[in-house]
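See below for the structure under consideration.
The values are calculated or read from the model by the stated rules, or taken from the named source; none is laboratory data. Source: prediction; values computed, not measured. A quick note on method: Cβ atoms are made from the backbone with ideal geometry, for glycine too, and the neighbour counts reach across all protein chains shown. Areas reflect the complete protein model, heavy atoms only, side chains present, ligands, DNA and RNA absent. Shrake-Rupley method; radii C 1.70, N 1.55, O 1.52, S 1.80 Å.
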Amino acid sequence: MDTLFPETFGAPGQQAMQRRTWSAWQLLREDPQYCTHGRAVALADPTPDNIARQIALARLVGAAACEHVPTADLDARGAALMAAGLVTDSFVMWTSGAQTLDRARARLARRPLPEDLTLEWIDADTPPDRMATLDAVTQSCEVLLPLGPFIRGVERPALCVMAVEPSGRAVGAAASVLQFHPASAHPGFCWWGMLSTHPDRRGEGIASRLGAEVLVAMADRLGLTRFFTGIRTGNAPSEALCAALDFAPTDTHALLAIDPEVIGGGRVTK
């Protein structure tokens, strides 16, 4: 694996942030206090004394998250980040339930992909031109594709799939990555998401199909069965899709700190 020049995706500014993320990860990867699924380095849990670390990471990388922030602490932590000149973004953490895998399998049995589409799984040997195709469909949905070593399953156990037309164009994608260190408080807990459907193929059930494919494959191929995702408050379509797969909202949030001098727009991904 090339530790100096990782495979990056998204717009130029996002690619620059991913390169800094990779550099920071080389220093922090063995510390269970930190985690990532390949977008920005995050603190695995909030503590009163790690706000300064989140601020420092955000200034170094451009963005830094803190996972599992309780609703009761969200405003105070956000205020501390903003007082340091950062902007914030947050997602409610939804977690899988006892019926998630059964519902995912039922989803696969109930509704196949549209007949013109095939599945293409990403791995360590996927050619760069196919990764560019994957990047194109996620960018069309304003979703940032994680760093290559993560999305390929090289850095951490992970699976990614895209739906492909006969022309080779990808029109949908989904992925899951084992996010937390085994010595953390969350061993075996996987990020799941990146559900994307090209705008001209929406309404065909592609995102829910691909999301179910990844959940089942993570369990069957890798033995991983616990998942979480982040949903911005008010995103009703994502809430409905996740609820149908027996995901439920928790009283915790992923809180991002973003340096506006480095990343414009105040967002890392949709």
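Shape class for region 174-236, computed from the alpha carbon gyration tensor (a ≥ b ≥ c): oblate, with a/c not under 1.5 and a/b at or below b/c. Restricting region 1-100 to GluC sites (Glu not before Pro) that sit in a DSSP loop and have at most 15 other Cβ atoms within 10 Å of their own Cβ leaves 30. The share of alpha-carbon pairs in region 112-217 lying farther apart than 21 Å comes to 30%. Basic side chains Lys and Arg get +1 at the Cβ, acidic Asp and Glu get -1 at the Cβ, and with that the dipole of the chain about its Cα centre reaches some 200 debye.
How big is D, in µm² s⁻¹, for region 87-147 by Stokes-Einstein at 20 °C and 1.002 mPa s if Rh is the Kirkwood radius over C-alpha pairs?
141 µm²/s
Of the two radii for region 1-118, the radius of gyration is 1.08 times the Kirkwood radius, both from the alpha carbons; that is the Rg over Rh value. Couplings 3J(HN,Hα) for region 164-178, derived from phi with the Karplus relation 6.51 cos²θ - 1.76 cosθ + 1.60 (θ = phi - 60°), are 10, 7, x, 5, x, 6, 7, 10, x, 7, 7, 7, 8, 9, 5 Hz, where x marks Gly and Pro. With respect to the chain, whose longest principal axis is taken over its alpha-carbon atoms, helix 12-28 is tilted by about 70°.
Each listed q (0.18, 0.19, 0.32, 0.33 Å⁻¹) maps to a log10 I(q)/I(0) for region 4-48, found by the Debye formula over equal Cα scatterers with no solvent: -0.53, -0.58, -1.16, -1.20. Once backbone amide H atoms are built at 1.01 Å from N, residue 7 has 148 as its partners under 5 Å, excluding neighbours fewer than 5 places away on the same chain.
The phi-based Karplus calculation (6.51 cos²θ - 1.76 cosθ + 1.60; θ = phi - 60°) puts the 3J(HN,Hα) values of region 249-256 at x, 10, 8, 10, 9, 8, 9, 9 Hz, whole numbers, x for Gly and Pro.
Largest mean-square fluctuation among 207, 42, 11, in a Gaussian network model of the chain whose springs join Cα atoms under 10 Å apart, belongs to 11.
With protein chains left intact and a 1.4 Å probe, residues in the chain average 42 Å² of accessible area per residue. Hydrodynamic radius of the chain by the Kirkwood approach over all distinct alpha-carbon pairs: 18.6 Å.
Each of the peptides 119-129, 54-64 was scored by the mean count of other Cβ atoms within 10 Å over its residues; in descending order, highest first, they stand as 54-64, 119-129.
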